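Student: Submitted below is the structure of interest, expressed as structure tokens.
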Amino acid sequence: MTDPHIGAPEGFRSGFACFVGRPNAGKSTLANAVVGSKIAITSSKPQTTRHVIRGIVHRPDAQLVLIDTPGLHKPRTLLGERLNGLVYETWSEVDVIGVCLPANQHIGPGDEFLLAEIAKLPRRPHLVAIVTKSDTVSGERLRRALVEVTEAEEKLDLRFDAIIPCSAVSGEQVDEVIGVIVRLLPEGPAYYPAGEITDEPTETLVAELIREAALEGVRDELPHSIAVTIEEMRLREGRPEDRPLLDVFASMVVERDSQKGIVIGHKGERLREVGSAARQQIARLLGTPVHLDLRVKVMKDWQRDPKQLNRLGF
């Protein structure tokens, strides 16, 4: 039986969840695995995620809207303060928070700080502890990681609705993560049409893929200084219908001339590597051959300048 007021079967569940965790806890990798498509960029660099990106999981009995948020961190710039604000805003609105705790690392001060901040929320969502990277450890270490989670519950006076080990890379227990979160969602309507996997604009996803390629192999101080803007995207005119080509004109933005030199590399080698890697990812995402015109420009101290941050969409 279908209720015409909600447009979904009786007992249908829908709602919002997000994954949180310290840098490199596997949040974005897990988000991509849960959605079944790349909605969030992944990198070994901390604070990689800068946008609140929604991925949508469709099931016959439910629709889960998964939000990939920036990592909570000690801000050193206005950008950092704004990203932290996004995190707290998201926490206050979701139905479920999945706390990612990597099995190959002990629970430390960063994890405890995160959990303590969640404990302070005026309206606390359902909490699920997700012990990530289970494929990287022995059975004994995994058991110890699960014990550490229960010890953290006692120490911080928190209660998880479930504790689940999983591996986003191997796919082990990813379906169980989805199932547990779905069971915690309220009954409600489907918010998005069937088949839609994200509500993020295509330009934002393309910009994020370029930034992901740019983050690989750069110096530790550079990742936070790199932003990407899409100037224009258009199908090239005069091409046969069966041989389309998408022209993407983009700029990588850095804060200083010295950083521009690093990003471009010797005789432009580094920039060509970034462009080639990004072009392949964009073509895979959009299913269309891509020509990427990638430039580098300097916007002095953009992370600390409100006007520049606004122009860049932060």
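The values are calculated or read from the model by the stated rules, or taken from the named source; none is laboratory data. On a predicted model such as this, the values are computed, not experimentally measured, just so you know. Ideal geometry is used to build each Cβ from the backbone, glycine not excepted, and the neighbour counts take in all protein chains shown.
Student: May I ask you to verify whether L209 is at pLDDT below 90, crowded, with 16+ Cβ neighbours inside 10 Å and within 29 Å of G80 (Cβ to Cβ)? Break it down stepwise before answering.
Tutor: Numbers: at pLDDT below 90: yes; crowded, with 16+ Cβ neighbours inside 10 Å: yes; within 29 Å of G80 (Cβ to Cβ): yes.
When the stated conditions are applied, L209 passes them.
Student: Can you work out which of the residues in region 123-140 that are among the charged types (D, E, K, R) and surrounded by fewer than 13 Cβ atoms within 10 Å (Cβ to Cβ) is modelled with the lowest pLDDT?
Tutor: Just the residues of region 123-140 that are among the charged types (D, E, K, R), to begin with: 123-124, 133, 135, 140.
Within this subset, residues satisfying the condition of being surrounded by fewer than 13 Cβ atoms within 10 Å (Cβ to Cβ) are 123, 140.
Values: R123: 86, E140: 95.
Step by step, filter region 123-140, then rank; the result is R123.
Student: Taking V274 as the residue in question, decide whether it is under 24 Å from P244 (Cα atoms), within 23 Å of the chain's Cα centre (by Cα) and among the β-branched types (V, I, T).
Tutor: On the way: under 24 Å from P244 (Cα atoms): yes; within 23 Å of the chain's Cα centre (by Cα): yes; among the β-branched types (V, I, T): yes.
Yes, satisfied.
Student: Does any residue of region 244-260 turn out to be under 30 Å from N310 (Cβ atoms) and free of Cβ contacts under 8 Å to residues at least 24 places away in the same chain? Talk me through it step by step, then tell me what you get.
Tutor: As a first pass, look at region 244-260 and keep what is under 30 Å from N310 (Cβ atoms): 246-260.
From what's left, free of Cβ contacts under 8 Å to residues at least 24 places away in the same chain: 258.
Yes.
Student: Among the numbered conditions (1) part of a loop (DSSP other than H, G, I, E, B); (2) surrounded by fewer than 20 Cβ atoms within 10 Å (Cβ to Cβ); (3) at pLDDT 85 or above, tell me where D175 comes up short.
Tutor: Here D175 clears every test but (1).
Student: Let me ask something else. Quick check, is S276 modelled with pLDDT under 90 and at negative phi?
Tutor: Details: modelled with pLDDT under 90: no; at negative phi: yes.
Judged against the criteria, S276 is not a match.
Student: Within region 78-96, is even one residue closer than 22 Å to T29 by Cα, modelled with pLDDT of 95 or more and not in a helix (DSSP H, G or I)?
Tutor: Taking every residue of region 78-96 in turn, at least one turns out to be closer than 22 Å to T29 by Cα, modelled with pLDDT of 95 or more and not in a helix (DSSP H, G or I).
Student: Can you work out which of the residues in region 106-121 that are charged (D, E, K, R) and free of Cβ contacts under 8 Å to residues at least 60 places away in the same chain is surrounded by the fewest Cβ atoms within 10 Å (Cβ to Cβ)?
Tutor: Among those residues, the one meeting the criterion is K120.
Student: Only one residue in A31, A40, A103 is surrounded by 22 or more Cβ atoms within 10 Å (Cβ to Cβ), in a loop (DSSP other than H, G, I, E, B) and either at pLDDT 70 or above or not assigned by TED's automatic domain parsing to the domain that holds P122 (or both). Which one?
Tutor: A103
Here is a yes/no grid of residues against (1) at pLDDT 90 or above; (2) within 19 Å of P201 (Cα to Cα); (3) assigned by TED's automatic domain parsing to the domain that holds L79:
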residue: G217; (1), (2), (3): no, no, no
residue: L222; (1), (2), (3): no, no, no
residue: L245; (1), (2), (3): yes, no, no
residue: V248; (1), (2), (3): yes, yes, no
residue: G265; (1), (2), (3): no, no, no
residue: G287; (1), (2), (3): no, yes, no
residue: V296; (1), (2), (3): yes, no, no
residue: W302; (1), (2), (3): no, no, no
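Student: Hey, does region 234-243 have a residue that's in contact (Cβ under 8 Å) with a residue 12 or more places away in the chain and within 29 Å of V35 (Cα to Cα)?
Tutor: Among the residues of region 234-243, at least one is in contact (Cβ under 8 Å) with a residue 12 or more places away in the chain and within 29 Å of V35 (Cα to Cα), which makes the answer yes.
Student: Regarding T132, is this residue under 18 Å from the mean Cα position of the chain (by Cα), within 30 Å of S14 (Cα to Cα) and of a type in the set (S, T, Y)?
Tutor: Values: under 18 Å from the mean Cα position of the chain (by Cα): yes; within 30 Å of S14 (Cα to Cα): yes; of a type in the set (S, T, Y): yes.
So T132 passes the test.
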